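What follows is a short report on a single structure.
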Amino acid sequence: MNLQVFKNGYALVSKTYNLPPSQEGGKATFSLGEPPKHACHGTVWLTASNETTVLGMRAESSTTTEAVLCTSVPSLLRANKGSMVSVKLQGGWVDGKVIDVSGGLEELGLGLLSLACMEDGTSSGKVMAIPLQDIMRVNGTDGQFKLSTDEKKVQKAVIVDYKGAGGAASLVHLRGGFCWAPSYHWQLHDTDKATLSGNATIMNESEEGGVFDKLQCVVGAPNMKFGRVGDPFLVSGSIEQFLHELSIEGSGQGAAPGAFAAAYQIPVQQVQVIDPAGFGAAGGEDAEDPGEDSSAAADDVHFLDFENVRLEPKARVSLPIFSLDTAYSNVFRASLGNSLSYVHPGDHDDSAFEVWRALRVTNRSQKPWTTAPVMIMRDGSFIAQGMVPYTPVGSEALVNVTRALNVRCKFEVEEVQGMEAEVLMGKEFGVKFKTTTIKINNGKPQDIELIIDYPAFGLLVESSIEPRKNVEANSRSEELNRKRNLQYMLTVPAGAVQHTIAFKTKLYYVIPSNTAFGARVVALGSHSDAMLALAPPAPRSPLTRFRLASLCLEICLFPAWELCHFQTHTQRGRCPWPKTRPESHLHEDRLIHEDGLLASPE
């Protein structure tokens, strides 16, 4: 028996059978035993050798009688219905013939025993109704006393019809009820060396288990389209129920799970945010596992192999993945991820970076590291707990350890208006340039290696140093000012004050096409969306609504001598300006900044 376990709550179970050869030219039948109780739609398959042809499979039921030992007074009395018994009560013994045991809760002692009383071996004609909770003991008196009862059981089996040489045949099915979770342990030593270990915890909440000849933990995110639909060959239910399951899964609208998924606690597949080009894995603590190696020769799915693993039903097991000694180094990371909620003491603005000291380790194992927590220790003491992002073989993993309070980074932005307009895709756009300067203070007594992540918009036209990464984020093809993730790596001298790097970006905005009516829009999103704001309204027009850069905005469009006001739906209100305005030029009360935030102009 083999098992492949996925991180999303599913597993592929494979059982191997030995089919005897069929008679020459004839058909053979073989029982595969009890079928899997839980199987996902389209995943039940039987494969045999090339010398064997599978003619079909049948799921059949049969009824058998099995002797079951009585474990309570009510079950003992029911098994001896019609027999002579002696019942001990609080006041003594009563002899009689068991007529019936009634009451829906007799197993809890809340039913009644109907007993035909006997005197001197003959019937007295009296019938007693004795509460089951009053019975202290039961003895048989006629030599036919039974200690067990016959119960009918329905047995299901998968029958395979085939012809040929027989031999090994494997029945596989995908099911829920299994999951695995990785974790890492980094033990630091005094000489910039570390012992790295990885473990896999496999969880089994199903009724299947035993010794698996081969167990694989799957690293990756394969598609499982019908994981929440029961296979019609094995799962009992009507055609209507099966079609209902299909309609729920096919709708793709997050509908409530069907009967199969609800009964067997099939997990809901989560949509994973995949980091394009791997920027987040090296530059962010919260990088998701893309399930693939970035090297050209790598597969999309990897397997961690274990042999002869005992995993019983409703049990869990922890297995070592790897253990190796390697070198590590310290690096400092600056980002704007949570800087709005944390600034250095004395800083009260949004331009401060969040700086962490991190450990940098190269993956020198034979398999990629999947996203998982890591505990960092030194000499038996806890140092930190972080997260190892998905790390291909040969790539570096960065794990934050502690805040670096004596390394500070801040940025300043200067905006310059372009002198000439540009025509793109048949439309005329204005141009502006933004120069961002990042200032670094290193309060440490030694040089440090610093990695800076900065989200920018527009085209990068100049940079004082070459960025380590310049990756455009996923966006619509018609967007002009696309978001890009910039990453810089530099060495900052010990005690450096105001160590700087600077870069310039180029952005476009919409030029009003009507001199009497119009609005100037900082084009964050689609230029076609922005052009919706340029449709000339009637004089003193009402609000014109449009969507820009995935933000629902309302624009008050007025003649050029009136103001253009932007406001979010959460801050609705009437236009605060008078109907007349002496100024003859158009300006903005609020601008949409390139980071997508609304802010008052400086």
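Taken over segment 116-131, the criterion of being among the aliphatic types (A, V, I, L, M) and modelled with pLDDT of 85 or more is satisfied by A116, V127, M128, A129, I130.
Residue count for segment 169-228 satisfying the condition of being touching a helix residue (DSSP H, G or I) at 6+ places or on another chain (Cβ under 9 Å) and part of a strand (DSSP E or B): 1. When the residues of segment 237-264 are filtered to those that are surrounded by 11 or more Cβ atoms within 10 Å (Cβ to Cβ) and in a loop (DSSP other than H, G, I, E, B), the one that is modelled with the highest pLDDT is G237.
Set side by side, the residues A165, A169, A157, A200 differ, and just one is in contact with an Asp or Glu (Cβ under 8 Å, 6 or more places away or on another chain), in contact (Cβ under 8 Å) with a residue 60 or more places away in the chain and open to solvent by less than 50 Å² (accessible area, probe 1.4 Å), which is A157. Can you tell me which residue in segment 420-437 is most open to solvent (accessible area, probe 1.4 Å), limited to those that are in contact (Cβ under 8 Å) with a residue 12 or more places away in the chain and among the aliphatic types (A, V, I, L, M)? So the residue we want is M425. Scanning segment 366-387 for residues that are farther than 24 Å from N8 by Cα, open to solvent by 10 Å² or more (accessible area, probe 1.4 Å) and in contact (Cβ under 8 Å) with a residue 24 or more places away in the chain returns M377, R378, I383. Apart from one condition, L460 fits all of (1) assigned to a strand (DSSP E or B); (2) of a type outside the set (V, I, T); (3) within 30 Å of W356 (Cβ to Cβ); (4) touching a residue at least 60 places away in the same chain (Cβ under 8 Å); the exception is (4). Note on segment 420-442: among residues that are over 30 Å from V331 (Cα atoms) and of a type in the set (V, I, T), the one that is modelled with the lowest pLDDT is V423.
Of everything in segment 445-459, what is within 26 Å of A496 (Cα to Cα) and open to solvent by 40 Å² or more (accessible area, probe 1.4 Å)? Give them in sequence order. Across segment 445-459, the qualifying residues are P445, Q446, D447, E449, P455. Of the residues making up segment 460-481, those that are open to solvent by 60 Å² or more (accessible area, probe 1.4 Å) and within 22 Å of E414 (Cβ to Cβ) are V461, E462, S464, E466, N470. Could you check segment 9-39 and list, in sequence order, the residues that are closer than 22 Å to N204 by Cβ and at pLDDT below 90? Residues satisfying the conditions are L32, G33, E34, P35, P36, K37, H38, A39. Answer with yes or no whether S61 is under 21 Å from D231 (Cα atoms), among the small types (G, A, S), in contact (Cβ under 8 Å) with a residue 40 or more places away in the chain and in contact with a Lys or Arg (Cβ under 9 Å, 6 or more places away or on another chain). Spelling it out, S61 is indeed under 21 Å from D231 (Cα atoms), among the small types (G, A, S), in contact (Cβ under 8 Å) with a residue 40 or more places away in the chain and in contact with a Lys or Arg (Cβ under 9 Å, 6 or more places away or on another chain). Restricting attention to segment 36-61, the residues that are open to solvent by 50 Å² or more (accessible area, probe 1.4 Å) and either within 30 Å of E24 (Cβ to Cβ) or not polar (S, T, N, Q) (or both) total 13. Of note, D150 does not satisfy the criterion of being of a type in the set (D, E, K, R), open to solvent by 60 Å² or more (accessible area, probe 1.4 Å) and under 30 Å from G386 (Cα atoms). If the condition is being within 30 Å of Y328 (Cβ to Cβ), of a type outside the set (D, E, K, R) and exposed (fewer than 14 other Cβ atoms within 10 Å of the Cβ), then segment 388-419 contributes G394, T402, L405, N406.
Checking each residue in segment 2-18 for being open to solvent by less than 50 Å² (accessible area, probe 1.4 Å) and more than 21 Å from F226 (Cβ to Cβ) picks out only Y17.
Here is the figure for segment 28-57: residues that are β-branched (V, I, T) and assigned to a loop (DSSP other than H, G, I, E, B) total 2.
Could you please find all residues in segment 368-426 being in contact with a strand residue (DSSP E or B) (Cβ under 6 Å, 6 or more places away or on another chain) and among the β-branched types (V, I, T)? The answer is T370, V374, I376, I383, V388, T391, V399, V401, T402, V407, V413, V416. Residues that are touching a Ser or Thr at 6+ places or on another chain (Cβ under 9 Å), farther than 30 Å from K152 by Cα and buried (at least 16 other Cβ atoms within 10 Å of the Cβ) do not occur anywhere in segment 71-93. Taking every residue in segment 314-326 that is under 13 Å from W180 (Cα atoms) and pairing it with any residue that is open to solvent by less than 30 Å² (accessible area, probe 1.4 Å) and outside any loop (DSSP other than H, G, I, E, B), at least 6 positions away or on another chain, the pairs with Cβ-Cβ distances below 6 Å are A315/N204; V317/I202; V317/L311; L319/A200; L319/F306; I321/G198; I321/A200; I321/L304.
V172 meets all of the listed conditions (1) among the β-branched types (V, I, T); (2) modelled with pLDDT of 85 or more; (3) over 44 Å from the mean Cα position of the chain (by Cα) but one, namely (3).
The values are calculated or read from the model by the stated rules, or taken from the named source; none is laboratory data. Treat the numbers as computed from the prediction; the structure is a model and nothing was measured. Quick reminder, even Gly has a Cβ in these numbers, built from the backbone with ideal geometry, and neighbours come from all protein chains shown. Heavy atoms of the whole protein, side chains included, go into the accessibility calculation; ligands, DNA and RNA do not. Shrake-Rupley method; radii C 1.70, N 1.55, O 1.52, S 1.80 Å.
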